[in-house]
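Scroll down for the structure; my scribbles are underneath it.
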There are 2 protein chains.
Amino acid sequence: MSNTGKEPATGTQALDRAATLIRTVVQADEPLSFVDLFEECGLPKSTTSRLLTALERTELLERNGDGSYVAGPLFWLYATRHDPWEELVRLARPTMEKVGKDTLETVNLAVPRGDRVVQVAQVDTPYMLGTRDWTEVEVPAHCSALGKILYTHAVLELPTGRLDQLTEHTVADVDDLRRDLDRGRRRGYATTVDELEIGLTGVAAAVRGADGTVIASLGISGPSQRLQGRLDLVGHTLIDRADQLSVLLRRRTRKEGAA
Amino acid sequence: MSNTGKEPATGTQALDRAATLIRTVVQADEPLSFVDLFEECGLPKSTTSRLLTALERTELLERNGDGSYVAGPLFWLYATRHDPWEELVRLARPTMEKVGKDTLETVNLAVPRGDRVVQVAQVDTPYMLGTRDWTEVEVPAHCSALGKILYTHAVLELPTGRLDQLTEHTVADVDDLRRDLDRGRRRGYATTVDELEIGLTGVAAAVRGADGTVIASLGISGPSQRLQGRLDLVGHTLIDRADQLSVLLRRRTRKEGAA
DNA sequence: AAGCATGTTCCATAATATGGAACCGCATTC
DNA sequence: GAATGCGGTTCCATATTATGGAACATGCTT
């Protein structure tokens, strides 16, 4: 009936409806009562009941104490077996590709691991001159935009003492760095110009996870010449994209109007 | 057809079959080709094809480059939003309850967090005299069986220097502790008798995650009087149960015979 | 070119899912 | 303590929907 898509989708009505139920439960990520699902999906009561019972029996959904539905054992199983970062990368991929289209520079996603920053995914620039693949390569956090974001949001602990001075522009003094981070915090994005390598500029923004805390940073890097003059533009693009990704990761809290 | 269960399951054939496909893919946790699924689930080819197409359309499954099926975006989404430990607890619950039935003592599950051990789940003893609920309470690792397991498998770094001496039986010397751990490693389970508190005994075994590394320890604790004499029995029960849980967590590698 | 393995599409058939209505159990309310 | 409303399940005649055998594509290999 309400075939919003353009797909023919023949011979799978029951399954499609069941999938809608599963999707609703998983995306809501908050126990949904029978009525919630019934209303949200607009299926007849009896059908809803029948499908939900089957989904529960097959462990795709589960009912908790008060009878409301949550994702079932099969979802837990998947979750325990997979590194959340591995999944973050998959979910972030489309966003990163959009950033690539927006900026035409090398795009990176970084997460904290211990007291280090690691880049976990990369989308390459179409230009010949670009940043090498440094996925899994560790770069000093204080001279990378990605790292600065993580410092700013206290996901990574600020080091003490003198920092490595990689170039003449590297901010090697902790207090200077703190000031730099503060500036970044106000703007919403972090930058590093010639601080890691002469001629290399990076820009990054924060990605928030399900609980609202910063879990990763999304950034680009490229030749300083190509980026100077559009740092602010690129910064805001990154903020927007990072926010979009955060929304995707965020549990969608029920729109108040619950029973 | 092959209705192994005793459920009537009426009006949901299509959905049940689809669920079988999903389950097979998620449990295998390795890309499965169309033929794998076709053979594994024993459904007609055309039906399999139709269902798989629908599952892919609804993002419950996904095909990767070579056309084989893996868990889809809905599973990633769930995984990124949930702490794997939260899921571990859910999956471990039944095992823990079995241990509770086996031993009649308080059952605990602990994981390393930073350089500490935290108990993340507990099943209580039916006896009046039992261990209090110390979920989320931190206990010195060197005098808890749960902690010793984590030390043994190097998931937790062995401290240096003198350790806190909580009772006269506490193993406070690192070298002594190392010897204690070695004994535990050989036996397969760790114990602590009167080391944390006089009269309190604990026993624990290792739980391994998807990649085969130790990720948690499963143990019991109770009055030393009730446990003395059956430490070895309880130890082996714990080893068995912990192994069962590990199997559940372990990716089921395809039974070699792949194409 | 032929053979084979992997997947998909077709379509007549009937088995299957459908959904309106009746029903159940349980709180609230009067 | 009857009555009303709410959340959910069960029934069952109906026809819509899924089914599956066979034919058809689409690469590979021989």
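Conditions (1) basic (Lys, Arg); (2) open to solvent by 30 Å² or more (accessible area, probe 1.4 Å); (3) in contact (Cβ under 8 Å) with a residue 40 or more places away in the chain; (4) farther than 20 Å from B:Val118 by Cβ, marked per residue:
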residue: B:Asp176; (1), (2), (3), (4): no, yes, no, yes
residue: B:Ala204; (1), (2), (3), (4): no, no, yes, no
residue: B:Val207; (1), (2), (3), (4): no, no, yes, no
residue: B:Arg250; (1), (2), (3), (4): yes, yes, yes, yes
A careful count of residues in the range A:54-67 that are assigned to a loop (DSSP other than H, G, I, E, B) and open to solvent by less than 10 Å² (accessible area, probe 1.4 Å) gives 1
Against the condition outside any loop (DSSP other than H, G, I, E, B) and farther than 28 Å from A:Arg81 by Cβ, how does B:Thr131 come out, does it pass? no
Among A:Glu59, A:Glu30, the single one that is within 14 Å of chain B (Cβ to nearest Cβ), more than 11 Å from DNA strand D (Cβ to nearest atom) and modelled with pLDDT under 90 is A:Glu30
Of residues in the range B:238-259 being farther than 12 Å from B:Ala206 by Cα and away from chain A (no Cβ under 14 Å), the one modelled with the highest pLDDT: B:Arg254
Quick test for you: out of B:Glu86, B:Glu157, pick the one residue that is more than 28 Å from B:Val26 (Cβ to Cβ) and within 14 Å of chain A (Cβ to nearest Cβ). B:Glu157
Would you mind stating whether A:Val111 is within 14 Å of chain B (Cβ to nearest Cβ), in contact with a Phe, Trp or Tyr (Cβ under 6 Å, 6 or more places away or on another chain) and either open to solvent by less than 20 Å² (accessible area, probe 1.4 Å) or not polar (S, T, N, Q) (or both)? yes
Expected single match for outside any loop (DSSP other than H, G, I, E, B), within 24 Å of A:Thr10 (Cα to Cα), within 14 Å of chain A (Cβ to nearest Cβ) and open to solvent by 20 Å² or more (accessible area, probe 1.4 Å) among B:Arg50, B:Arg93 is B:Arg50
Counting just the residues of the range B:37-47 that are within 11 Å of DNA strand C (Cβ to nearest atom) and open to solvent by 30 Å² or more (accessible area, probe 1.4 Å), which one comes out farthest from the other protein chains (Cβ to nearest Cβ)? B:Glu39
Of the criteria (1) β-branched (Val, Ile, Thr); (2) within 11 Å of DNA strand D (Cβ to nearest atom); (3) within 12 Å of chain A (Cβ to nearest Cβ), which one B:Ile22 fails: (2)
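One line per residue, one yes/no per condition, for (1) modelled with pLDDT of 95 or more; (2) touching a helix residue (DSSP H, G or I) at 6+ places or on another chain (Cβ under 8 Å); (3) not assigned by TED's automatic domain parsing to the domain that holds B:Gly209; (4) not basic (Lys, Arg):
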{"residue": "B:Val89", "(1), (2), (3), (4)": "no, no, no, yes"}
{"residue": "B:Arg93", "(1), (2), (3), (4)": "no, no, no, no"}
{"residue": "B:Ile149", "(1), (2), (3), (4)": "yes, yes, no, yes"}
{"residue": "B:Val155", "(1), (2), (3), (4)": "no, no, no, yes"}
{"residue": "B:Asp164", "(1), (2), (3), (4)": "no, yes, no, yes"}
Answer yes or no: is there a residue in the range B:69-90 that is part of a strand (DSSP E or B), more than 16 Å from DNA strand D (Cβ to nearest atom) and surrounded by fewer than 23 Cβ atoms within 10 Å (Cβ to Cβ). yes
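The values are calculated or read from the model by the stated rules, or taken from the named source; none is laboratory data. This one's a predicted model, so the numbers in the text were calculated from it and none came from an experiment. Here the Cβ is made from the backbone with ideal geometry for all residues, glycine too, and neighbour counts use every protein chain on show. We work out accessible area using only protein heavy atoms, side chains counted, and drop any ligands, DNA or RNA first. Shrake-Rupley method; radii C 1.70, N 1.55, O 1.52, S 1.80 Å.
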